[in-house]
Amino acid sequence: MNLLIRKAKKHDRAAFQELMEQQGKAMYKVAKAILKNDEDAADAMQETALVCWEKIDTLKKDKYFQTWLMRILINNCNAIWRQRARMIAGGEVPEAAFSEEGYANAEWEQFLNCLDEKYRTVIVLYYVQGFKTREIAEILEINENTVRGRLVTARKKLEVQYRSADNIIRQAEFTEKRLFCMAERRI
């Protein structure tokens, strides 16, 4: 990867394209977690690639490429989020997002959606992307202890969400069994 970064710094298009392809999945997961919309996530990724291409020579240390890239992506996601909020406040109705992903992904997204953006971003960067708390602090430009605190809070909120979902499932199963037994008695 370091060789690709050095080539990209010399404006080698093929090397830069390969870098973006390598980082594509990671970028999508972060953008989708923040924006919750495939189209907005794609816009943020495209804008990030453009900014990175234009400013790759400002990257001081090659080993921080991924951190630098994610910081740009998060800034672009936040800009899109703010723009969308202004449009909604202006009276426009947002287009509903449609996604045909598997049940597990839908369930994961549902759990993530119960979190505020600041917690959701930290969870995705830590658990999905595998960044360390120090790296997340650099990306988000916040204190490392704040990152740890947000992880703890997010875990607690996810646990509460998980337990409440589990209780709802148990109650539904109990009601279903009770109705089945009542129906059998009538037969």
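Annotations
- Percent breakdown of C-alpha pair distances by 5 Å bin, ordered from the shortest bin, for segment 1-98: 2, 13, 24, 21, 15, 10, 7, 5, 3, 0
- Relative to the Cα centre, the charge distribution of segment 1-98, modelled as +1 at Lys and Arg Cβ and -1 at Asp and Glu Cβ, gives a dipole magnitude of about 600 debye.
- Linear extension gain, Leu3 paired with Gln17, 0.36 nm per residue minus alpha-carbon span: 3.7 nm
- For segment 52-62, putting each phi into the Karplus relation 6.51 cos²θ - 1.76 cosθ + 1.60 with θ = phi - 60° gives couplings of 4, 4, 5, 10, 4, 6, 8, 5, 7, 10, 4 Hz, in residue order, rounded to whole numbers and with x for Gly and Pro.
- Pairs exceeding a 29 Å alpha-carbon distance, out of Lys36/Lys60; Lys29/Lys63; Lys9/Lys132; Lys63/Lys118; Lys9/Lys36: Lys36/Lys60; Lys9/Lys36.
Here, each number is a calculation from the coordinates, and none is a lab measurement. Note that the structure is predicted; figures quoted are calculated from it, not measured. Glycine gets a Cβ as well: all are built from the backbone with ideal geometry, and neighbour counts include every protein chain shown.
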